[in-house]
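Read the structure below first, then the notes.
The values are calculated or read from the model by the stated rules, or taken from the named source; none is laboratory data. Predicted, not measured: the structure shown is a model, and the values here were computed from it. Virtual Cβ from ideal backbone geometry, glycine too; neighbours counted across all protein chains shown. To get the accessible areas, we keep the full protein, side chains included, count just its heavy atoms, and leave off ligands, DNA and RNA. Shrake-Rupley method; radii C 1.70, N 1.55, O 1.52, S 1.80 Å.
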Amino acid sequence: MEKQKLIEEIKKLIGTDENDIIDINPNFLEYFQEYELEAIKDDLILKKSQIRESTFDFLDEIYEKTKEN
């Protein structure tokens, strides 16, 4: 996968919604090889899924508490 495409995917993963404008200094990104950008992307995907899972667990817990009352 080419660097620019990986960078665009990383920007989407960093944003909170599709209207977020994420700027990454292109000079900074020149230091990374494609495999490193791929690893960054994979880490972001994993972290986002973990956050979603913990959020769902938290919301389920709140729901169960409100249901008991």
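Points to keep in mind about this one:
- Close Lys pairs in the chain, defined as Cα atoms under 21 Å apart and 8 or more places apart or on different chains, number 12.
- Inter-label distance for Q4 and F58, nm, one decimal - labels placed 7 Å from Cα along Cα-to-Cβ: 3.8
- Relative contact order (percent, whole number), the chain, Cα cutoff 8 Å, 6+ residue spacing: 36
- Nitroxide proxy distance, nm - points 7 Å out along Cα→Cβ at E30 and S49: 3.5
- Accessible-area ranking of K12, K41, K3, K67, largest first, probe 1.4 Å: K12, K67, K3, K41
- Helical mean residue ellipticity (222 nm; -39500 (n - 2.57) per DSSP H run of 4+; nearest 500) of the chain: -25000 deg cm²/dmol
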